[in-house]
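The values are calculated or read from the model by the stated rules, or taken from the named source; none is laboratory data. If you're wondering where the values come from, they're calculated on a predicted model, not measured in any experiment. Methodologically, a virtual Cβ is constructed for each residue, glycine included, from the backbone with ideal geometry; neighbour enumeration extends over all protein chains shown. Just the protein is used for accessible areas: all its heavy atoms, side chains included, with ligands, DNA and RNA removed. Shrake-Rupley method; radii C 1.70, N 1.55, O 1.52, S 1.80 Å.
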Amino acid sequence: MLPNKMITLSQRLKKQQDQNTTNSRISIRDKLLIKEVQEMLLPTNWYWQGGKFRFAIEVPEEYNMVPPKVKCLTKLWHPNINESGEVCLSLLRQHSVDGLGWSPIRKLNDVVWGLHDLFTDLLNFDDPLNPDAADMYYNSKEVFHKKVCEYVNMYGRD
């Protein structure tokens, strides 16, 4: 299953095209950003197998000097994504304690693969944004897995 990706930049570009004004020009940067995001596929595995997760990626005008803003639009049970959709991922921070924060050489590709890795390699139960999910995992992996599956079935399906 492949999750859907959303980006406010594509909405802005569509609006510009719909306005059909001669003053509205789409920058090469914006075209490349849209192309970059559209080409990425995010397979899921492990606890969230079979779910589709939507993320809004807002690319600020100051990109790539500042990181994009990311929010998970699909409700899910995850230690690093809270129920309001906030995402805890080092590379989305301008300055991070671990030194893995945003830098101007990063691309949207890094963000999308970072989101992918939150479901595999970067899954972090030791420094959670959703401590209830992490506690549940430590207390009973079976109960945690059951709750993840419940959320996937309720919110992560078409």
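Can you compute the label reach from ASN124? Point 7 Å from Cα along the Cβ direction, backbone N cut-off under 18 Å, restricted to segment 49-68.
67-68
Please work out how much length the chain gains when fully extended from LYS69 to ASP110, using 0.36 nm per residue of separation minus the C-alpha to C-alpha distance, in nm with one decimal.
Value of the extension gain: 13.4 nm.
Per the 1.4 Å probe, what fraction of the accessible area of segment 84-158, in percent, lies on carbon and sulfur atoms? Don't jump to the answer; show the numbers that get you there.
Details: 2210 of 4420 Å².
About 50 percent, which is the carbon plus sulfur part of the accessible surface.
Can you tell me which of 121-134, 81-94 comes out highest on packing, and rank the rest after it, using the mean Cβ neighbours within 10 Å?
Values: 121-134: 15.4, 81-94: 17.1.
Top of the packing list down: 81-94, 121-134.
When the Karplus curve 6.51 cos²θ - 1.76 cosθ + 1.60 is applied with θ = phi - 60°, which whole-Hz ³J(HN,Hα) does each residue of segment 69-77 get, with x for Gly and Pro?
Going residue by residue, I get 9, 10, 9, 7, 8, 9, 5, 8, 9 Hz, with x marking Gly and Pro.
State in Å² the accessible area per residue of segment 69-158; use a 1.4 Å probe, count heavy atoms of protein chains only, and round to the nearest integer.
Dividing the accessible area of segment 69-158 by its residue count gives 55 Å².
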